[in-house]
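Student: Next up is a structure, given as structure tokens.
Bear in mind that the values in this text are calculations on the coordinates, not laboratory data. Because the structure is a prediction, the values reported are computed rather than measured. With ideal geometry, Cβ positions are generated from the backbone for all residues, glycine too; neighbour counts draw on all protein chains shown.
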């Protein structure tokens, strides 16, 4: 039986609260390439600064994938009550970067192509292949097999799955946007800054840094939710919270 979005959100926050430092420990690795990017962007325009920006973006992509796979594999283990071995998970996640990147590339082509042709195929492809990266990251499926495994999980319960794919992240996203907006408004009023600039399409550097820092704490929630839904679709639920070895 599929868990409701409310139950998935409950289990997501329970697991995040219990293993908070482990999850933040993974996402904190993003601080290094993000800091390099902001530093490079502030440098005078030139070949050296452009190369540094490119290198920081590339590093951010690979670290983000590694971090996401670490969280996926850790959450999958915790959801089934297995004890974690952080070193093994880190090594396995490095090996899964290329397959997960390949799956993400295939997903983007298929789903974008579906939306360009007609909206309905795009929605179908989104639902069918939403779990392909998880299948590759957690179950070591090769790219094409991961796409097939994702579609097999969704078959016969498409609308129920899409509802869960959308509902949970939307709730978390709205809550995050509200809290982040409140913090930015509070800081801008405290230091008598122009709030219209803070909430513009080109916010000041300090606001970007606050948002980047907040992302470190929020990213795990979205990954945990997707892993718990994936686990539930395969017939499992959050049995107990494991402990880090």
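Student: How long, wide and thick is segment 109-203, going by the Cα atoms along their three principal axes, in whole angstroms, largest first?
Tutor: 55, 31, 25
Student: Any chance you could run the full-extension gain for residue 83 through residue 104? It's 0.36 nm times the residue separation minus the Cα-Cα distance, nm to one decimal.
Tutor: 4.7 nm
Student: At 7 Å along Cα-to-Cβ for each site, give me the label-to-label distance between residue 163 and residue 51 in nm.
Tutor: Those two pseudo-labels are separated by 5.5 nm.
Student: Expected output is a single nm value to one decimal: the length gained when fully extending between residue 42 and residue 185, i.e. 0.36 nm times separation in residues minus the C-alpha distance. What is it?
Tutor: In short, 49.0 nm is gained.
Student: Using packing as a proxy for protection, rank 29-38, 59-68 so that the peptide with the highest average count of other Cβ atoms within 10 Å comes first.
Tutor: Values: 29-38: 16.5, 59-68: 18.0.
Peptide ranking by packing, descending: 59-68, 29-38.
Student: Kindly state, to the nearest 0.05, the FRET efficiency for residue 144 paired with residue 214, given R0 = 35 Å and r defined as their beta-carbon distance.
Tutor: For residue 144 and residue 214, the calculated efficiency is 0.45.
Student: Work out, step by step, the length gained on full extension between residue 28 and residue 194: first 0.36 nm times the residue separation, then minus their alpha carbon distance; give nm to one decimal.
Tutor: 56.8 nm
Student: Note the listed values [x] 73, 52, 30; [y] 53, 39, 38; [z] 65, 44, 38, then indicate which one is Cα extents along the principal axes in Å calculated from this particular structure.
Tutor: [y]
Student: Based on the mean of other Cβ atoms within 10 Å per residue, sort peptides 103-109, 146-152, 81-87, 215-221 so the most packed one is first.
Tutor: Highest-to-lowest ranking by the protection proxy: 146-152, 215-221, 103-109, 81-87.
Student: With Kirkwood's inverse mean 1/r over C-alpha pairs for Rh, give me the Rg to Rh ratio of segment 3-70, two decimals please. Walk me through the numbers before you get to the answer.
Tutor: Working: Rg = 17.0 Å, Rh = 14.0 Å.
Rounded to two decimals, Rg over Rh is 1.21.
Student: How large is the translational diffusion coefficient of segment 89-160 in µm² per second when you combine the Kirkwood radius over alpha carbon pairs with Stokes-Einstein at 20 °C and 1.002 mPa s?
Tutor: 173 µm²/s
Student: Here's something else I'd like to know. Any idea what the alpha-carbon Rg over 2.2 N^0.38 Å comes to for segment 43-114?
Tutor: For segment 43-114, the normalised Cα radius of gyration comes out at 1.48.
Student: So how far apart, in nm, are the two label points at residue 94 and residue 61 if each is 7 Å from Cα heading toward Cβ?
Tutor: Simple spin-label model gives 2.0 nm for this pair.
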